Amino acid sequence: MYRRTPRLEIHPDRITHNARTVVRAAHAHGGQVAGVGKVCCAHPSVIAAMVAGGVDALADSRIINLMSISEQGTGLPTMLLRIPAPSAAADVVRCADVTLNSGLPTLRILSDAAGQAGVRHGVIVMVDVGDLREGVWPDQAVDLVTQAASLPHLDLLGLGANLACYGGVIPTVDNMRALIAVRDACREATGLELATLSGGNSSSLPLLASGSMPPEINHFRIGETIVLGRNVLDRTPWPGTYQNTFHLITEIVELERKPSVPIGDRGQNAFGEQPEFLDRGTRLRAIVNIGRQDVAIDGLTPIDPGISIIGASSDHLILDVQDAVGEVRLGAPVGFWPSYGALLALSTSPYVQKVAVRDRIDNSTELGQMMSLQMEAPSLS
Ligand SMILES: *Cc1c(COP(=O)(O)O)cnc(C)c1O
């Protein structure tokens, strides 16, 4: 394939390794993993990598991504993560086997849509155990589940919780116990088994790894720790995973020595901001061909430790390359590690080419492998 810039190089073999690491831990606990590829718009190479890594299901927040997943024919069940929009019910029951839900009116609409489509639709009822994003308040859950139980075309599979998203609340034994208590109350009221307890996203993994995750929690929806190899509570590398799974490559389109403070009277920049400038004298600066239209600039880390980002407009990223370790010349590539937020935007930008790059990873020698992994991890400090 003709490689353009800017491009996002995806390393699916490293993602497979990460998925294996996470799946192994969840299975050892008796739980299942739904792999979440929404940060990279469910790119087919990432979905295939998760499947190869042994995930039990695939989950995404967007219907369009679930459509692309089903075209891949993975054979795995699919789950819609975002609370469904009532107006999208017909698409939802066609594209997702299971949805996360928190409201009775929507459940009624989904049941009707499933009836019309001639399918049964699986439901996990989300309970808000403190993060204040989605979920029914715990004291309303029994009522909701009891009423939903009578909807003819739905299968109530269990309950779930989401943490560390809006409020930054960390999964703990206490909030997991709260979820289990709600499930037990719903079981008693309805006689339903409610076998699935979906404990959360990547933020559940530290509790799981500590050995303190209650055994009742048997389902995990994991994106970032598989995709970027990070502990999402503090963004440190997750043991036994690669962090260098995505690599942004841009190209130098201008290279000039310029003063570090603009010359002339200053008003607002293109984004309504009035930046401050530190006078470091005349510096060698490069412009590379990516901008705010494609990426969250704050989430880019230059791979060359001597390069720093000094500003960006819609289409231009301005770098101080005075102390660059690698070669800088017009037309030379400049690489970056993207954060979750940067990856989210890069994946969505049609101006950024996506290329899957194969690596040879020997998964048979797990211990030796993990030691070399730590050395390969990019340092974000
Ligand atoms: C995005 C999302 C996930 C996955 O989150 P990660 O932190 O990437 O693991 C899980 N559950 C829900 C409801 C989500 O929206």
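Each value in this text was obtained by applying a stated rule to the coordinates, not by laboratory testing. Keep in mind it's a predicted model, so treat the numbers as computed, not measured. Neighbour counts are summed over all protein chains in view; Cβ atoms, including those assigned to glycine, are modelled from backbone coordinates with ideal geometry.
Points to keep in mind about this one:
- For the stretch 120-162, the alpha carbon positions stretch 31, 17, 12 Å along the principal axes, listed from largest to smallest.
- With all pairs of separate Cα atoms included, the chain yields a Kirkwood hydrodynamic radius of 22.6 Å.
- Gain upon complete extension [Ile64, Arg133; 0.36 nm per residue less C-alpha separation]: 22.6 nm
- In the chain, helices alone account for a calculated mean residue ellipticity at 222 nm of -9000 deg cm²/dmol, with every DSSP H run of four or more residues adding -39,500 (n - 2.57).
- Among Glu256, Glu224, Glu276, the residue with the largest mean-square fluctuation in a Gaussian network model of the chain, with springs joining Cα atoms closer than 10 Å, is Glu276.
- Gain upon complete extension [Ala185, Arg4; 0.36 nm per residue less C-alpha separation]: 59.5 nm
- Rg in Å to one decimal, and Dmax rounded to a whole Å, for the stretch 221-373 via C-alpha atoms: 18.0, 63
- Taking all pairs of distinct alpha-carbon atoms in the stretch 195-255, Kirkwood radius in angstrom: 13.4 Å
- Fraction in percent of alpha-carbon pairs per bin - 10 Å, the stretch 125-207: 19, 52, 24, 5
- Angle between the chain longest axis and helix 12-28 axis [Cα atoms, degrees, rounded to 10]: 30 degrees
- Put in line by how crowded their Cβ is, counting other Cβ atoms within 10 Å and starting with the fewest, Asp184, Asp265, Asp131, Asp294 read Asp265, Asp184, Asp131, Asp294.
- Residues Tyr340, Tyr242 arranged by fewest to most Cβ contacts within 10 Å: Tyr340, Tyr242
- Share of pairwise Cα separations in the stretch 1-57, more than 17 Å, in percent: 40 percent
- Degrees separating the helix 63-72 axis from the principal Cα axis of the chain, which is the longest one: 90 degrees
- Proportion of all alpha-carbon pairs of the stretch 1-102 beyond 19 Å (%): 46 percent
- Model label sites at Ser349 and Ala149, defined 7 Å from Cα along the beta-carbon direction, differ in position by 5.2 nm.
- Listed residues Ile47, Ile249, Ile226, most fluctuating in the chain (Gaussian network, C-alpha, under 10 Å): Ile249
- Stokes-Einstein D in µm²/s, Kirkwood radius over Cα pairs - the stretch 222-286 at 4 °C with 1.567 mPa s viscosity: 81 µm²/s
- The P(r) of the stretch 122-275 has a tail past 23 Å containing 53 percent of all C-alpha pairs.
- Residue among Leu317, Leu179, Leu197 with the largest mean-square fluctuation in a Gaussian network model of the chain, springs linking Cα atoms under 10 Å: Leu317
- Computed over all pairs of different Cα atoms, the Kirkwood value for the hydrodynamic radius of the stretch 305-349 is 12.1 Å.
- Inter-label distance, nm, simple model (7 Å from Cα along the C-beta direction), Gln274/Gln140: 4.5 nm
- The chain - percent relative contact order, Cα under 8 Å, separation 6 or more: 19 percent
- Close amide H contacts of Ala312 (hydrogens built in the peptide plane, cut-off under 5 Å, sequence separation of 5 or more or a different chain): Ile318.
- Order of Val253, Val22, Val39 - criterion: other Cβ atoms within 10 Å of each residue's Cβ, fewest first: Val253, Val39, Val22
- Seen against the Cα atoms of the chain and their longest principal axis, helix 173-190 is set at about 30 degrees.
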